[in-house]
Amino acid sequence: METILLLAHTEADGSLAKSAREALHAAATLHKSLAGSKLVIGLVGENVQAAANSIAACPATKYLGVSGPDFGQSRYATDAAAAEAICKAAQVTIVVAPATSRMARCLPGVAQRLGGRADAHVTGIAAADGKISVNRWYYRQRMEATLDRTKRPWFILVDPGSQPACQCEGGTANVENVAVQLSDACKRTTVVGVRAPAADAQTIRPDAQLLFVTGAGWTKKQADGQAHLPEAEKLILNFLKLSRASLGSSKSLVDLGGEGQAVLPFLSHLNQVGQTGATPRHPKGLSTCCHGEEPHTVGWRFIGERRAVNLDPNCGWARGKADVLYVADAFAVMGKVNELLAAKKS
Ligand SMILES: Cc1cc2nc3c(=O)[nH]c(=O)nc-3n(C[C@H](O)[C@H](O)[C@H](O)COP(=O)(O)OP(=O)(O)OC[C@H]3O[C@@H](n4cnc5c(N)ncnc54)[C@H](O)[C@@H]3O)c2cc1C
């Protein structure tokens, strides 16, 4: 009989992130399909009661918490000690956790301490005839594998965005406190602050409906023999403002900046989509002035509907990489789109 633990950390404000609710959905679905299994919730944070209350109506029979000021921040030693204590208290066989940087960093170590195994980047969990299997992608999302393990405890880190979030109601959860003894050595590392772009400079929006991708074409000489960077910048930023899309880029465009060439200043390598970039998840994607080369489009694996605007009817998008290709000038198309969006808004 499997004991399934949903293990998550709280956010700075004591709430549960969407990624934790997604992992809970995966854990609860697994619990439902495994007759005789138990579902336990384990939470780590400065104060875990509010987070536990927010999911009190989920099918878990037990809530375990490790809390206190020492557990508010992301730190390997304290997070690993907390996770280890919760796993032991629950006598878990399967641990499902969101693959946040905080969980991904400590859980492989906890698996080692408990003689178990860990799998990261999991995008699906299923059970048939009592056997549990997980899905994950390899070689930059080119190959999908299904794997199972007999070793327990099995730590399964679920990729954010790959599952629907659990919609269970709140209530009052009875959280059992799990005591953890920390030596001073566990508290040597401290988080002294967080550096993040200002809210209006934040162009990467994982929850956006649309991924808007810019390619090197925006910086190239156009029909009049001139490059039009200020115009490109205005069109792109206006579109992001009006649509709240997330901004992606081709490698060529972000590389241009590193090579000292004139480039769009709001782009960094964090925006890069592809084999050596990110694999974001959005219902729709629109690519502009980007050729649609294979190393770029492998990053589009989890984009639902793909459209592209390119002047070249023989570009990579035309060869099966996009659902719709507009053979058109992206400057003209995006200018018109912005006009329509602004009119709709007003
Ligand atoms: C090992 C390896 C890993 C790589 N990893 C990645 C990766 O992770 N991500 C990535 O993006 N690339 C990656 N690449 C690079 C990739 O192969 C391409 O070189 C790159 O994606 C091309 O970028 P681009 O399409 O923006 O530029 P270009 O190839 O220069 O294409 C620009 C396009 O803009 C179009 N255009 C110009 N003006 C207009 C206009 N007015 N309107 C409409 N269209 C216009 C042109 O027709 C052209 O198709 C990798 C390469 C290698 C070898």
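The values are calculated or read from the model by the stated rules, or taken from the named source; none is laboratory data. Keep in mind that what you see is a predicted model, and the values were worked out from it rather than measured. As a convention, Cβ positions derive from the backbone with ideal geometry for all residues, glycine included, and neighbour counts pool all protein chains shown. Quick note on the areas: whole protein, heavy atoms, side chains included, nothing else; ligands and nucleic acids left out. Shrake-Rupley method; radii C 1.70, N 1.55, O 1.52, S 1.80 Å.
Overview of values
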item: Highest to lowest packing among 141-152, 320-331, scored as the average C-beta count within 10 Å; result: 320-331, 141-152
item: Percent RCO, i.e. relative contact order, over the chain, from Cα pairs under 8 Å lying at least 6 residues apart; result: 14 percent
item: FRET E, pair residue 233, residue 131, Förster distance 56 Å, beta-carbon r, rounded to 0.05; result: 0.55
item: Helix 18-33 vs. the chain, principal-axis angle (Cα, 0 to 90°, nearest 10); result: 60 degrees
item: Pairs beyond 22 Å (Cα-Cα), from 38/88; 241/284; 284/344; 220/345; result: 220/345
item: Long-range HN-HN contacts of residue 326 with modeled amide H, under 5 Å; result: 308, 309, 310
item: Hypothetical label at residue 205: residues of region 293-336 whose amide nitrogen lies under 19 Å (7 Å Cα-Cβ projection); result: 303-307, 334-336
item: Calculated FRET value between residue 221 and residue 196, using beta carbons and R₀ = 30 Å, to 0.05; result: 0.25
item: Rotationally averaged projected area of the chain (alpha carbon convex hull; nm²); result: 20.3 nm²
item: Neighbourhood charge, 12 Å Cβ-Cβ cut-off, centred on residue 305 and excluding it, Lys, Arg +1 and Asp, Glu -1; result: +2
item: Sites residue 35 and residue 104 - FRET efficiency at Förster radius 35 Å, r taken between beta-carbons, to 0.05; result: 0.70
item: The chain: Cys lacking any partner C-beta under 4.7 angstrom; result: 87, 106, 166, 186, 289, 290, 315
item: Built amide H within the under 5 Å cut-off of residue 9, gap 5+; result: 44
item: Leading residue at positive end of dipole, region 169-214 (Cβ point charges), from 206, 192, 173; result: 192
item: Nearest-20 debye value, region 265-346 charge dipole, Cβ charges on Lys, Arg, Asp, Glu; result: 340 debye
item: Shape call, region 294-346: gyration tensor on alpha carbons, a/c limit 1.5; result: oblate
item: On Cα atoms only, tilt of 76-90 relative to the major axis of the chain in degrees; result: 50 degrees
item: C-alpha long axis of helix 101-113 to longest principal axis of the chain, angle in °; result: 40 degrees
item: Solvent-accessible area per residue, Å², over the chain with all protein chains present [probe radius 1.4 Å]; result: 49 Å²
item: Within region 176-308: Cβ-based charge dipole about Cα centre, in debye rounded to nearest 20 (Lys, Arg +1; Asp, Glu -1); result: 180 debye
item: Heavy-atom accessible surface of region 25-168: percent carbon and sulfur, 1.4 Å; result: 50 percent
item: Computed accessible area, residue 58, all protein chains, 1.4 angstrom probe, square angstrom; result: 10 Å²
